[in-house]
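Read the structure below first, then the notes.
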Amino acid sequence: MSARAVGRMSARAVGQVNTPAVGRMGAPAVGRMGAPTVGRMGAPTVGRMGAPAVGQMNARSRRTAVAVLVAAGLAVTGCGAGDGRATGSGGDGRVTGPVTVFAAASLTESFTRIGKDFEAANPGSRVTLNVAGSSALANQITQGAPADVFASAAPTNMTTVIEAGAADGTPSVFARNQLVIAVPRGNPKAVAGLADLTGPGVKVALCASQVPCGSAARTALDAAGVALTPVTLERDVKGALAKVKLGEVDAALVYRTDTRAASADVTGVEFPESARAVNDYPIVALKDAPNPDGARAFVAYVSSAPAQAVLAEAGFQAP
Amino acid sequence: MPAALLIPAGLGLLFIVLPLAGLLIRAPWTTLPQRLTEPGALTALRLSVQTATLATALCLLLGVPLAWVLARVEFPGRRLVRALVTVPLVLPPVVGGVALLLVFGRRGLLGGWLDSTFGVTLPFTTTGVVLAEAFVAMPFLVIAVEGALRAADHRFEEAAATLGASRWTTFTHVTLPLVAPGLAAGAVLCWARALGEFGATITFAGNYPGRTQTMPLAVYLALETDLESAIVLSLVLLVVSVGILVALRDRWMTTA
Amino acid sequence: MSDRLLDARLVVDRGVFRLDVPLRVAPGEVVALLGPNGAGKTTALRALAGLHPLTDGHVTLDDVDLDRPATGGWVPTERRSIGVVFQDYLLFPHLSALDNVAFGPRQHGVERRAARATARDWLGRVGLDAQAQRRPRQLSGGQAQRVALARALAVAPSLLLLDEPLAALDARTRLDTRAELHRHLSAHAGATVLVTHDPLDALALADRLVIVEGGRVVQEGDGPSVTARPRTDYVARLVGLNLYRGHADGHGVRVSPELTLTVADRLDGEAFVAFRPAAVALHPARPEGSPRNTWAGTVAGVQRHGDNVRVQLDGPIGVAADVTPAAAAQLRLIPGQRVWVAVKATETHAYPATG
């Protein structure tokens, strides 16, 4: 594996950072977990934790290791503890003015509702959503687009933003998305698990390994020990889902939220190995935010109970 | 020469050439040889050239007669048919791909019948790539050939008839040679469009290395993770297509 | 061999225009369809070739109906035994002169090498051996015309059709080509129909002239009879005669309410009177003595005509007069000038308008 690839992998790991901590402490605790905590766990371990090792660990220890990695990254980029605290206290004070949120496309419906709720809770504020693919958003931010908050569907793209020094504080994971097997409504081929996808005459669509749902699918399949040859490697999760909707494939590995949104045409079949390939959604306030208070308040709000309820309804799991 | 024409002409050229220069400047020249020999890149390139060529052949086979009918046969609704022929030009290619699935897909109008009768399935196959490319590229051929046919003097065909030539012989021995330059131009445009096809291909034929992953698909996916790799692939596609177009053009120019 | 290889009555309706031309051509005979632009000549030719269907009538070649709408008889162009020389030749630009000529024989089932041999032979006959491999655009106008002729003749057609075969050539080439074309047409055993608006071409190439005006045959006959006795203004102009129609009563033909021409011929009823412009004399004052026909006219136009000056005159009848430049100068002929016009009875030619 080339040095470059290792870099990419560790970058992906960054986003998973806060998950364990949040998981242990519960969602509202996000704000309390500031950089100092992470920092203490930091640097010494990093050297030993090469990216290849990550995959060999069990889920819990891997998350811990990843958290360490991120902490190291944050220490290097010099994000202060104070910033983390400021975000935590943002829920109390009222904020006003426009808040521009760059959100991954899969968050469109949820964040539209969360934005409305946020505006209701903060009279005088106005949330503007810019939704697109996470990588496109990350590029826009690093190129200087005026944004307050970045909510990414993939840790990789968050890393891009952090490496560019555009993040204000620690990204926190506010939601997780898990793979399910999308089958045509009614599940005509009676697919119950990953093993059923290798049967003769079963056509499967996966995402290409270059995009998050593809790497997650690969991880899950490897974890299940299923050797699967898909008929296509789609460019994004919507492409894979569309193939199921159109009846061109019998199954596709997509996110649970996607099957929820398309429940008229497809059914999502849960499978245990998906727990091994969870996709984390990190969110962060941005350093050059035109409305820094609004940015922190919005980031905090996304972790609040009402916002988490909206996300859960869409099929996201709580971090 | 009037500056009113030269200045916008120069700007137009710059507009086209600058992004190209951007690609060249950003290309990772030091790692280029190593990246070029990666098997994935060559596989995608070979598949692209093969499918674009087959798609052009298919367009010639179907598009030339269609152009002939549009140019030479008076029938009600001809204007409508001509407009329909250009639909793939304005249709977003992704929609074109979905439309192809609705016809040739497993549950499509013809796809189900093809599968049950002949055991032929088109989505996710190399044949599917050829179909998708032909669908998008066909208008370029039909428009070019129809224009050439209209411009050609149809009295040559009458002359052939007076010499005893059947309609078919007239078409193959007189009409086609007469419109050869237009035919060649149309085929080149068609090929180039097929080579760059992305949306309809990935929608209809999917993306699988060696089978349906053409160069543009490889470029798109490379772009997700590795900009330099995408640039290299784009450059390869560019060099090959420009090389082939220039070579063909020279040949046609000298024989025309 | 029948005395009429081609027997046709060409009726074509094209909107308000109706062509109705009977046509019979014997083997070896060359018939020229002569008429002004828009007379329907080319339509007639296209109908013979099968490039335009008849509305009515028939085309019968060698006792086979090629087109007869009444019975539905129809032989498509490619199965007719015809050869066509088009006005602008229509040589296939992508083929050499040789392959152009070999094209017809090939379509008639001749094997490639034999077809080329035939083509080579024909190119030799029209004197173009050296140009066999040239493309049409590398040929001069005269050469292209000869290739076109060779191409049409190479299939040994029963009916040879020529559409203004010399019109695209410059004056000098035209003269040479006309003579050569005459030689080939004379040698052609089948029927030949030639369409032209040039009386010289028609007279030089054809055995018989069929004059078409407005879709109708207005006069028909061999060269001398047509030129001697024109029956329409068009033909009179073509052959360069003043022509008038009137009512004859013995030696007088009343050609206008004010003017009765005295003629040498004696006849009664509807009649034509023709005389040459050179037979017209002009005088500054009313002439006395021998000329029997005189009237006052006004100069309408003056132009050079060969070595002479042609004067157009208005008056009771319009008339063209050819005078010497010296006479023209002496008379000070300018438009509007009044002069006396005189024509001797012996210079006129009168003939019945009917029959």
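Each reported figure results from applying straightforward, stated rules to the coordinates on display, with no laboratory input. These figures come from a predicted structure and were not determined experimentally. Cβ coordinates were reconstructed from backbone atoms using ideal geometry, including for glycine residues, and neighbour counts include every protein chain displayed.
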Which longest run of chain C has no exposed loop site in it, a site being GluC sites (Glu not before Pro) in a DSSP loop with at most 15 other beta carbons within 10 Å, and the site itself not part of the run? C:112-257
Span from the the range A:99-157 Cα centroid across to the the range C:286-325 one, whole angstrom: 101 Å
Would you mind working out the magnitude of the charge dipole of the protein assembly as shown relative to its Cα centre, with +1 at each Lys and Arg C-beta and -1 at each Asp and Glu C-beta, to the nearest 20 Debye? 1760 debye
One quarter of the C-alpha convex hull surface, i.e. the mean projected area of the range A:275-319 in nm², amounts to 3.9 nm²
Karplus couplings for the range B:66-78 from phi (6.51 cos²θ - 1.76 cosθ + 1.60, θ = phi - 60°), rounded to Hz, Gly and Pro as x? 4, 4, 4, 4, 5, 7, 10, 10, 7, 8, x, x, 5
When the expected Rg is taken as 2.2 N^0.38 Å, what fraction or multiple of it is the alpha-carbon Rg of the protein assembly as shown? 1.53
Test item: Cα-centred dipole of chain C, Lys/Arg +1 and Asp/Glu -1 on Cβ, debye: 860 debye
Could I have the simple spin-label model distance between A:K189 and C:A114, label points 7 Å from Cα toward Cβ, reported in nm to one decimal? 6.6 nm
Using Cα springs under 10 Å in a Gaussian network model of chain C, which residue among C:V84, C:V319, C:V147 shows the largest mean-square fluctuation? C:V319
Find how many whole Å separate the alpha carbon centroid of the range C:189-209 from the alpha carbon centroid of the range B:76-145. 58 Å
Once you have a ≥ b ≥ c as the square roots of the Cα gyration tensor eigenvalues for the range A:179-276, tell me rounded if a/c is under 1.5, and otherwise prolate or oblate according to whether a/b is larger than b/c. rounded
Please name which of A:G199, A:G239, A:A216 has its Cα lying farthest along the dipole of the range A:179-276 towards the positive end, using unit charges on Cβ (Lys, Arg +1; Asp, Glu -1) and the Cα centre as origin. A:G239
Here the whole-number average of other chain Cβ atoms within 10 Å per Cβ of B:147-158 is 2
Among the trypsin sites (Lys or Arg not before Pro) within the range C:22-74, which fall in a DSSP loop and have no more than 11 other Cβ atoms within 10 Å of their own Cβ? none
Let me have the relative contact order for the range A:179-276, percent, based on Cα pairs under 8 Å that are six or more residues apart. 46 percent
Per-residue mean of C-beta atoms belonging to partner chains within 10 Å, peptide B:196-209: 4
With a ≥ b ≥ c the root eigenvalues of the C-alpha gyration tensor of the range B:135-184, is it rounded (a/c under 1.5), prolate (a/b larger than b/c) or oblate? prolate
Cα gyration tensor of the range C:6-236, axes a ≥ b ≥ c as square roots of the eigenvalues: rounded (a/c below 1.5), prolate (a/b > b/c) or oblate? oblate
Among C:P316, C:I211, C:G306, pick out the residue whose Cα is farthest towards the positive end of the charge dipole of chain C, where Lys and Arg carry +1 and Asp and Glu carry -1 on C-beta, about the Cα centre. C:G306
Checking the table C:K41/C:K344; A:K189/A:K238; A:K238/A:K287 against a 29 Å threshold on Cα-Cα, which pairs fail? C:K41/C:K344; A:K238/A:K287
Where is the GNM fluctuation largest for chain B (alpha-carbon springs, 10 angstrom cutoff): B:Q213, B:Q34, B:Q50? B:Q34
About its Cα centre, how strong a charge dipole does the range C:240-352 have in debye, to the nearest 20, once Lys and Arg get +1 and Asp and Glu get -1 at the Cβ? 300 debye
